[in-house]
1. When residues of the stretch 1-25 are filtered for being of a type in the set (D, E, K, R) and in contact with a helix residue (DSSP H, G or I) (Cβ under 9 Å, 6 or more places away or on another chain), how many remain?
2. May I ask you to verify whether ALA331 is more than 26 Å from TYR138 (Cα to Cα), open to solvent by less than 40 Å² (accessible area, probe 1.4 Å) and within 25 Å of the chain's Cα centre (by Cα)?
3. Out of the residues in the stretch 304-322 that are in a helix (DSSP H, G or I) and of a type in the set (Asp, Glu), state the one that is farthest from LEU332 (Cα to Cα).
4. Applying the selection to the stretch 248-281, what residues are among the aliphatic types (A, V, I, L, M) and either open to solvent by 10 Å² or more (accessible area, probe 1.4 Å) or touching a residue at least 24 places away in the same chain (Cβ under 8 Å) (or both)?
5. Quick one: how many residues across the stretch 98-131 are in a helix (DSSP H, G or I), modelled with pLDDT of 90 or more and among the aliphatic types (A, V, I, L, M)?
6. How about the stretch 282-298: which of its residues are surrounded by 18 or more Cβ atoms within 10 Å (Cβ to Cβ) and over 22 Å from VAL262 (Cα atoms)?
7. Would you confirm whether any residue within the stretch 232-247 is farther than 25 Å from SER108 by Cα, at pLDDT 95 or above, in a helix (DSSP H, G or I) and open to solvent by 40 Å² or more (accessible area, probe 1.4 Å)?
8. In a helix (DSSP H, G or I), surrounded by fewer than 22 Cβ atoms within 10 Å (Cβ to Cβ) and not small (Gly, Ala, Ser): does that describe ARG74?
Amino acid sequence: MEFGIFTIGDVTTDPTDGTAPSEHERIQATLTIAKHAEEAGLDVFATGQHHNPPFVAPANPPVLLAHIAAATERIHLSTATTLITTTDPVRIAEDYSYLQHLAGGRVSLMMGRGNTGPVYPWFGKDIRAGIPLAVENYNLLHRLWRERNLSWEGNFRTPLEGFTVTPWPLDDVPPFVWHGSIRSPEIAEQAAYYGDGFFHNNIFWPTSHTARMVNLYRQRYEYYGHGAARQAFVGLGGQVFMRKDSQAAVREFRPYFDNAPVYGHGPSLEDFAEQTPLTVGSPQQVIERYAGFREWAGDYQRQLFLLDHAGLPLKTVLEQIDILAEEVVPALRKEFDAARPADVPDAPTHEWLAARHRAGEDPVPGGAPGSRAHEDRLAAEAARSEQEAR
């Protein structure tokens, strides 16, 4: 199981002293955080993609992740959001193939629609077409990474005629894709259709909602014949703040929560923590709460934590990474690994994907022969033929 951190790169005033980093300082701090995550032994560093203040550091994930790739050796690099709606699929295909080569394969993507209305027209798109854009653009991206001399025509961009991505994906294997969604069942369906992963960034949502979305994805993954429901690739978000005892953690974190641009000035810290994965307390409290996620999410493959937000000083963020890596992750890893059935896969690596590809076992979008989806298609075609014959 992968454990790591993700950033939204916000430039936020520290409410305890009134200071705020410059954009340059925030970007440099993000590099420090990523390198420290590797040094501490975490598995993943992920960045969102934002184009609106106060979210500065993730404006260009390929550039950021390429720099981090050069400064690290082991940690897996991922987007926490790749805006599949407002970023051209051809640009995504080439940028991340290039990054994949630079990083030696330790790259994955988490696709998302983006829910910031003004961003869509900035890139010539309409937020009202968010779902159709996500569906069409990902279909194109999926084909770009698998078909040379591709000719394609859709509704939202100019056609392609005989186009081949350069550079071609490393070892003929594209980066693994997680489809990220909070509230759209269509995206869970899309992830299942292609046999990709599903990441529910549930930092604002109650367990009941997240469980429904994860279960939908698992059921549809099995329907399309990619494996049993329990074998589907699931990732979850979370956010924590830890000190040795819960009182100290709450006391220190409360002013940051109360003024945070992402969730301040709303519910109380206690109410928000009750309804979402936010856990402010001791490492043991975090361990107990997150170990319980298996009860409703099943055996899942990726757990990412948001740590560097709300104006927290860099020193504090680095301390949080150390606590997470030294006290929380080893306990959670032991807990999850002990309970995981032998036939449930770990998070995909480049080496695993390459071996699957060489064996001819890549998922077939929409379901290969023998899947329930394929049988249903055959039955529907037979019914149509019979109706036309009448």
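1. Total meeting the criteria: 3.
2. Details: more than 26 Å from TYR138 (Cα to Cα): yes; open to solvent by less than 40 Å² (accessible area, probe 1.4 Å): yes; within 25 Å of the chain's Cα centre (by Cα): yes.
Yes: the conditions hold for ALA331.
3. Residue satisfying both the conditions and the ranking: GLU319.
4. The first filter runs over the stretch 248-281 and keeps only residues among the aliphatic types (A, V, I, L, M), leaving 248-250, 260, 262, 269, 273, 278, 280.
Within the stretch 248-281, ALA248, ALA249, VAL250, ALA260, VAL262, ALA273, LEU278, VAL280 qualify.
5. 2
6. Narrowing the stretch 282-298 to residues surrounded by 18 or more Cβ atoms within 10 Å (Cβ to Cβ): 282-283, 286-287, 290, 293, 297-298.
Answer for the stretch 282-298, where residues must be surrounded by 18 or more Cβ atoms within 10 Å (Cβ to Cβ) and over 22 Å from VAL262 (Cα atoms): SER282, PRO283, ILE287, PHE293, ALA297, GLY298.
7. yes
8. It is false that ARG74 is in a helix (DSSP H, G or I), surrounded by fewer than 22 Cβ atoms within 10 Å (Cβ to Cβ) and not small (Gly, Ala, Ser).
The values are calculated or read from the model by the stated rules, or taken from the named source; none is laboratory data. Worth saying up front: this structure is predicted, and the values here are computed from it rather than measured. No Cβ is skipped: glycine too gets one built from the backbone with ideal geometry, and neighbour counts run over all protein chains shown. Note: areas computed on protein heavy atoms with side chains; ligands, DNA, RNA excluded. Shrake-Rupley method; radii C 1.70, N 1.55, O 1.52, S 1.80 Å.
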